[in-house]
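The values are calculated or read from the model by the stated rules, or taken from the named source; none is laboratory data. Computed from a prediction, not measured in an experiment: that's the story for all the values here. Cβ coordinates were reconstructed from backbone atoms using ideal geometry, including for glycine residues, and neighbour counts include every protein chain displayed.
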Amino acid sequence: MRLTKSPWLHLLQAYSAVAHPSKNPSSASGFRSACSSITSKLQIPNTTPYFSTFVPAGTNLTLPDSNVTCGTPYQIVPADLCRIALYVSTSNRSGINMEAWLPSNWTGRFLSVGNGGLAGCISYGDLAYSASLGFASVGANNGHNGTSGGAFYNNEDVVKDFAWRS
């Protein structure tokens, strides 16, 4: 399955409307309500949105679905933001989990955070840091969960997700 347009581009286009509803970016309640409805506006092929939710600054966000090898199971949120999680199916036996942290004080800048080595972990610390600086920040699990290469065994599609689709 080939995406003709990056899921991140779809998200940023939808977010642009959320961050500046009716050219009034200072409207906190407008940002919250727009955030909660953003997933209904996303029309991304082969994609399933999990949620979009407003998270206020200072929240100690629990990450129960984070693989234990990925590190800390929580993250302090440094700025008011819209948190969006989605799944992109890349084949009939693989896919990529993604998150976007879109701050209410968006500066118009975008940053895609990465992983290291074989990591299949969304880098929540990097998402938090870049969102605190006003970046629309996104990260992915590179098509597998955790820090081992076990998911690659007998599944060439997961290797492709890790190598170039993510």
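Of all residues in the range 68-96, those satisfying the criterion of being closer than 17 Å to residue 127 by Cα, assigned to a loop (DSSP other than H, G, I, E, B) and out of contact with any Ser or Thr (no Cβ under 6 Å at 6 or more places or on another chain) are 71, 72. A search for C-beta distances below 6 Å between a residue of the range 139-161 that is over 17 Å from residue 113 (Cβ atoms) and any residue that is modelled with pLDDT of 80 or more and surrounded by fewer than 17 Cβ atoms within 10 Å (Cβ to Cβ), counting only pairs 6+ apart in sequence or on different chains, returns 146/69; 157/91; 157/93. Where residues in the range 101-146 are within 11 Å of the chain's Cα centre (by Cα) and part of a loop (DSSP other than H, G, I, E, B), which of them is nearest to residue 78 (Cα to Cα)? Taking the candidates together, the pick is 123.
Within the range 112-138, the only residue that satisfies the criterion of being in contact (Cβ under 8 Å) with a residue 60 or more places away in the chain and of a type in the set (Val, Ile, Thr) is 138.
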